[in-house]
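Reading through the structure tokens given below for one structure.
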Amino acid sequence: MDTQELQQLRPALSRVVAIGNGKGGSYKTTLASNVAGLTADSGMRALLIDLDPQGNQSEELGLTQAGRKDGGGEALFDAIARGKPLTPSHPDIRDNLDLVAADRINTAALASWITTSVGRDRAAVFALARAIAPIAHNYSLIVLDLPPGNEPLIQIAMRAARYLIIPTQADISSIEGMKEMGSKFAEARAGDNPDLELLGVAAVGIPEAAKTLRKETIDDIHAVFGGQAPVFKTIVRHAIVPAVDARKRGLMVHELEAFVPTKAQALERLRLRASGVDVERSVSSTATKLAGDFAGITEEIFTAIAHREAAV
């Protein structure tokens, strides 16, 4: 497959969005799961492909907590390395949401295969594009959760994606990771995938009250990209309690929101505590605000895609 053949696949790959940062712990996994989950919750079908060897999407979506983290990475390995049809390892993990999971063994084997294959034939960088294209029509959005430092897997993701989203926190390591991902984006766009677009940079994990830090982070983003990168208006707040609760329960944040107690339930819990009953800590009401942030950024993503599609 050459660039011309990729162009023939491009219409099928028009809703493939890669999310990544060169640094781990940058909210990219949480952003990927929540964007895919909210898409599915809205009634559109979504596919989430985990390319990170840590396989954290299995934890994000509750497989680990349910004792079902049984690998799953073989689905992607079989599709790319063995040419089998790509099938979700966990279909309908939520209504309208399919997951292709990852695990260390299969992603390591896949990275090795890519490195060896690209050395023999450059067309191997299009292996993921080739695997996704036949099933892409089943989905309104396909989200790729990129690994922070696995060059071969980032390579194939950048050739399959139509859009890239880079989340970044305020710390210097995240900013450097953003810069690194920006370099990989430029390399792919200048080479095998000239249609790849930076859909936006997302500022994440910054406290709502830290107005100055939020502004400084946006300024840092503009400085890195020379003011040319689109930046999402929605900033995902730092909210450690709902973030921990969501991961512990294997829920996305908008699902966790359903467990925030009503006023009547909160008063009843207070009465129980006053009478000496040991009551489990309730889900923080901050979950509602955090869910709103993810909903806001998901809406911005679809608006940005719609604008670009309308301009074609």
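The values are calculated or read from the model by the stated rules, or taken from the named source; none is laboratory data. Bear in mind the structure is a predicted one, so any value in this text is a computation, not a measurement. For neighbour counting, all protein chains shown are included, and Cβ atoms are generated from backbone atoms with ideal geometry for every residue, glycine included. These area figures cover heavy atoms from the full protein model, side chains too; ligands, DNA and RNA do not enter into them. Shrake-Rupley method; radii C 1.70, N 1.55, O 1.52, S 1.80 Å.
Miscellaneous remarks
- Selected residue [more than 19 Å from residue 153 (Cα to Cα), assigned to a loop (DSSP other than H, G, I, E, B) and within 19 Å of the chain's Cα centre (by Cα)] from 63, 38: 63
- Filter result (without any contact (Cβ under 8 Å) to a residue 12 or more places away in the chain and either in contact with a Ser or Thr (Cβ under 6 Å, 6 or more places away or on another chain) or polar (S, T, N, Q) (or both)) within the stretch 266-300: 275
- Residue 102 falls short of the stated requirement of being modelled with pLDDT of 95 or more and open to solvent by less than 60 Å² (accessible area, probe 1.4 Å).
- Selected residue (criterion: modelled with the lowest pLDDT) from residues of the stretch 274-283 that are surrounded by fewer than 19 Cβ atoms within 10 Å (Cβ to Cβ) and touching a helix residue (DSSP H, G or I) at 6+ places or on another chain (Cβ under 8 Å): 279
- Restricting the stretch 18-31 to residues that are hydrophobic (A, V, I, L, M, F, W, C) and in contact with a helix residue (DSSP H, G or I) (Cβ under 7 Å, 6 or more places away or on another chain), the residue that is nearest to residue 127 (Cα to Cα) is 18.
- One residue alone among 265, 228 is touching a Leu at 6+ places or on another chain (Cβ under 9 Å), of a type outside the set (Lys, Arg) and open to solvent by 80 Å² or more (accessible area, probe 1.4 Å), and that residue is 228.
- Top-ranked residue in the stretch 193-215 [being open to solvent by 40 Å² or more (accessible area, probe 1.4 Å) and not in a helix (DSSP H, G or I); ranked as farthest from residue 14 (Cα to Cα)]: 209
Rundown of residues vs (1) open to solvent by 30 Å² or more (accessible area, probe 1.4 Å); (2) touching a Leu at 6+ places or on another chain (Cβ under 9 Å); (3) assigned to a strand (DSSP E or B), yes/no style:
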| residue | (1), (2), (3) |
| --- | --- |
| 76 | no, yes, no |
| 83 | yes, no, no |
| 114 | no, yes, no |
| 129 | no, yes, no |
| 136 | no, yes, no |
| 144 | no, yes, yes |
| 149 | yes, no, no |
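- The stretch 165-186 - residue that is out of contact with any strand residue (DSSP E or B) (no Cβ under 8 Å at 6 or more places or on another chain) and touching a residue at least 12 places away in the same chain (Cβ under 8 Å) and, of those, least open to solvent (accessible area, probe 1.4 Å): 184
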